[in-house]
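Asker: Structure provided below as structure tokens; questions to follow.
The values are calculated or read from the model by the stated rules, or taken from the named source; none is laboratory data. Model, not experiment: these values are computed from the prediction. Here the Cβ is made from the backbone with ideal geometry for all residues, glycine too, and neighbour counts use every protein chain on show.
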Amino acid sequence: MEVKKINDVDLLLPVKLALPYRKPFLFVDEFLSLTEDGASGSYTFREDEFFYAGHFPDRPVTPGVILTETMAQIGLVGLGIFLTKAYLQEAVAPFAFTDSTVDYLLPVFPGEKVLVRSEKVYFRFGKLRCKVEMLNAKQEVVCRGTLSGMILNPGKHG
Amino acid sequence: MDRKQVIEKFAPIIALYTQEKEVLANLSEETDFLNDLKINSANIVDIILDAEEAFDIEIDDDSAEQMLTVGAAIDIILKQQQA
């Protein structure tokens, strides 16, 4: 039984590099913490993100679905990679988004930096469920919710 | 608890995760979670977690993998209750 409290700053970069996403669909700049209980990280929405041209012409605002994706990449997938030590593997096991319930409270405009933090609800039978929230630079909650994902072909973990 | 009592307590849990009302109304031991009730593996995890709470048992990974039908689930619930 491992009792050591893990919050290894040396893993912040390996976990980021193990994320399966790439531009223009990578919404993680850095992880700030990774523990058995949750993850946190940040992302700055660039002025030239591909979706601003259409959402909406003349008044760009970050789509809610992208805010949810950002919360999932940092809070759920990042934590999942950490918990399963997937960063040690050549190819990260596919992680499928299974459900989400999110409330959106404030808009996020081009150029804004957001902080995401997640708290593990459970990780059992390969399914990870987290409560996740996103804060803006003024520390205001812009959205919050519950997200779950499932590691496909799980090994013995969780 | 006998099999009938288990299924009576288990059916309302299953009902939370399926849209297949007709299959649910005719639930049998052979009813398959994925093929008959159209419940995906992510929701089967939720059913297992709810069953653990309702029956005050703990289900391990190997047992969870065997829970493909209602009958298999009843077997596992009864076994764990006696454990």
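Asker: One residue is enough: does the stretch A:41-53 have a residue meeting the conditions over 12 Å from A:Pro110 (Cβ atoms), loosely packed, with under 13 Cβ neighbours inside 10 Å and free of Cβ contacts under 8 Å to residues at least 12 places away in the same chain?
Answerer: No, the stretch A:41-53 has no match at all.
Asker: Identify the residue in the stretch A:65-85 that is at pLDDT 95 or above and among the polar types (S, T, N, Q) and, among all such residues, is nearest to the chain's Cα centre (by Cα).
Answerer: By that ranking, first place goes to A:Gln73.
Asker: If I filter the stretch B:48-61 down to residues being more than 9 Å from chain A (Cβ to nearest Cβ) and outside any helix (DSSP H, G or I), which single residue comes out as farthest from B:Ile7 (Cα to Cα)?
Answerer: B:Asp60
Asker: Also, I was wondering about something else. Has the stretch A:36-55 got any residue that is within 15 Å of the chain's Cα centre (by Cα), closer than 21 Å to A:Val9 by Cβ and of a type in the set (Phe, Trp, Tyr)?
Answerer: yes
Asker: Go over the candidates A:Leu79, A:Leu135, A:Leu105, A:Leu67 one by one and state the one that is more than 14 Å from every other protein chain (Cβ to nearest Cβ), surrounded by fewer than 21 Cβ atoms within 10 Å (Cβ to Cβ) and closer than 19 Å to A:Glu30 by Cα.
Answerer: Exactly one of A:Leu79, A:Leu135, A:Leu105, A:Leu67 is more than 14 Å from every other protein chain (Cβ to nearest Cβ), surrounded by fewer than 21 Cβ atoms within 10 Å (Cβ to Cβ) and closer than 19 Å to A:Glu30 by Cα, namely A:Leu135.
Asker: Residue under question is B:Val45, and the condition is that it be touching a strand residue (DSSP E or B) at 6+ places or on another chain (Cβ under 6 Å), of a type in the set (A, V, I, L, M, F, W, C) and in a helix (DSSP H, G or I); does it hold?
Answerer: The answer is yes for B:Val45.
Asker: Among (1) at pLDDT 95 or above; (2) in a strand (DSSP E or B), where does A:Ala96 come up short?
Answerer: Of the numbered conditions (1) at pLDDT 95 or above; (2) in a strand (DSSP E or B), the odd one out for A:Ala96 is (1).
Asker: Step by step: first the residues of the stretch A:86-99, then only those that are under 16 Å from the mean Cα position of the chain (by Cα) and not aliphatic (A, V, I, L, M), then the one that is nearest to the other protein chains (Cβ to nearest Cβ). Which residue is that?
Answerer: Here the answer is A:Thr98.
Asker: Still on this structure, I have one more. Condition first: touching a residue at least 60 places away in the same chain (Cβ under 8 Å) and either crowded, with 16+ Cβ neighbours inside 10 Å or assigned to a loop (DSSP other than H, G, I, E, B) (or both). Now tell me which residues in the stretch B:1-42 satisfy that.
Answerer: B:Met1, B:Val6, B:Ile7, B:Phe10
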